[in-house]
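Okay, structure first, notes after.
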Amino acid sequence: MKSYKILPIWRIERLKGGYFVLWIEDTELAAQCRPGQFCELKAPQGIPRLFKPISVFDVIQDRVAFFIKTVGAGTNALSVMREGDLLQVIGPLGTSFPIPNNKSIVLVSGGVGYPPLAFLKKHLPSSNQVRFLHGGACADDVFPCDECFTVDGSAGIKAFVTEGFMRLIETRHVDLVLSCGPVPMLKALSAICKANGIKHFASLEAYMACGVGVCHGCAVGVGSKGDYQRVCVEGPVFDADDLNWELM
Ligand SMILES: Cc1cc2nc3c(=O)[nH]c(=O)nc-3n(C[C@H](O)[C@H](O)[C@H](O)COP(=O)(O)OP(=O)(O)OC[C@H]3O[C@@H](n4cnc5c(N)ncnc54)[C@H](O)[C@@H]3O)c2cc1C
Ligand code: FES
């Protein structure tokens, strides 16, 4: 099992709507991170017990960035940290997205599903045709992509991102969908992909406890025989056809 490192925060960039980007510097970590993987982060003071799973958002040279939304106690404790403060980090953890060549690919994210797909987009070879769709509740939840959607219509197109995806596949051949977001969005997307014969890999943001495979608190149903896999070890990226969406 990976042990944790204590690393100083190199930079924090405050964004709209309680979002922030937190950068740390570590040569070994930066060299290992692949799109779709995550790290467990913990502010040494302030959080009662748990590390928080946060996707790798970017790697530039020796620096690794995390794009975080302030939600509850754990992310709030991270949000009040300052440059130079020490952070406990375990990672990188979990599986990564496939990196294909010569495919027509659509990236679909919802809410805090945005960071792993923004990182993935930077890694996809130029032989692919890539379109990045992102959806959020309102203007505060949308970030640079090819087409954005909001539920309240305050930015981009007023629609669910899955509706935007359905419209896209009416006019464009798609080989592969790579996605991350809330389970209802992924479930709807998975049904559309299945009905249209499109290969789909989804990254799940299940609620986690240990984050390193010990507690089985993040287990999700796979296959039709009542089997389970851990999102933190066998995931977070899964072949969507292997997941039992009925049990989610
Ligand atoms: C693999 C993975 C990657 C992630 N990557 C990112 C990322 O890049 N950026 C980011 O901002 N967040 C990311 N998250 C989500 C982030 O870990 C949660 O927002 C965080 O756990 C909330 O913790 P908290 O202590 O702030 O809030 P809590 O106090 O734990 O929770 C606040 C509320 O949100 C609910 N909740 C918390 N987490 C989840 C969840 N995963 N699914 C459904 N409901 C939840 C709780 O039930 C509670 O009602 C990721 C999660 C996973 C599993
Ligand atoms: S969170 Fe403990 S096994 Fe995945």
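The overall shape of segment 36-172, judged from the alpha-carbon gyration tensor, is oblate: a/c is not under 1.5, and a/b is no greater than b/c. Rolling a 1.4 angstrom probe over segment 3-55 with all protein chains present gives an accessible area of which 50% lies on carbon and sulfur atoms.
To test your reading of the geometry: what angle, between 0 and 90 degrees and rounded to tens, separates the Cα axis of helix 161-171 from the longest principal axis of the chain? Compared with the principal axis, the helix lies near 40 degrees. Taken along its principal axes, the alpha carbon cloud of segment 95-248 reaches lengths of 41, 34, 28 Å, longest axis first. Counting only lysines at least 8 places from residue 103 when in the same chain, those with an alpha carbon closer than 26 Å to its own are 121, 122, 187, 194, 199. Think of a 1.4 Å ball rolled over the protein heavy atoms: the chain then has 46 Å² of accessible area per residue. Coupling constants for segment 91-96 follow from the phi torsions by the Karplus curve (6.51 cos²θ - 1.76 cosθ + 1.60, θ = phi - 60°), and in residue order they are x, x, 10, x, 8, 10 Hz; glycine and proline get x. In the chain, the longest principal axis of the Cα atoms and the axis of helix 183-195 are about 30 degrees apart. Per the Kirkwood formula applied to alpha carbons, segment 82-161 shows a radius of gyration over Rh ratio, Rg over Rh, of 1.07. The Rg/Rh ratio of segment 136-193, with both radii computed over alpha carbons and Rh defined as the Kirkwood radius, is 0.95.
The coefficient of translational diffusion for segment 1-75, derived via Stokes-Einstein from the alpha carbon Kirkwood radius under 25 °C and 0.890 mPa s, stands at 189 µm²/s. Taken about its Cα centre, segment 4-109 carries a charge dipole of roughly 360 debye when the Cβ of each Lys and Arg holds +1 and the Cβ of each Asp and Glu holds -1. To put it simply, the accessible area of segment 104-201 at a 1.4 Å probe is 57 percent carbon and sulfur.
The values are calculated or read from the model by the stated rules, or taken from the named source; none is laboratory data. Please read these numbers as outputs of a predicted model, since none were measured by experiment. Quick reminder, even Gly has a Cβ in these numbers, built from the backbone with ideal geometry, and neighbours come from all protein chains shown. SASA here: full protein model, heavy atoms, side chains in, ligands and nucleic acids out. Shrake-Rupley method; radii C 1.70, N 1.55, O 1.52, S 1.80 Å.
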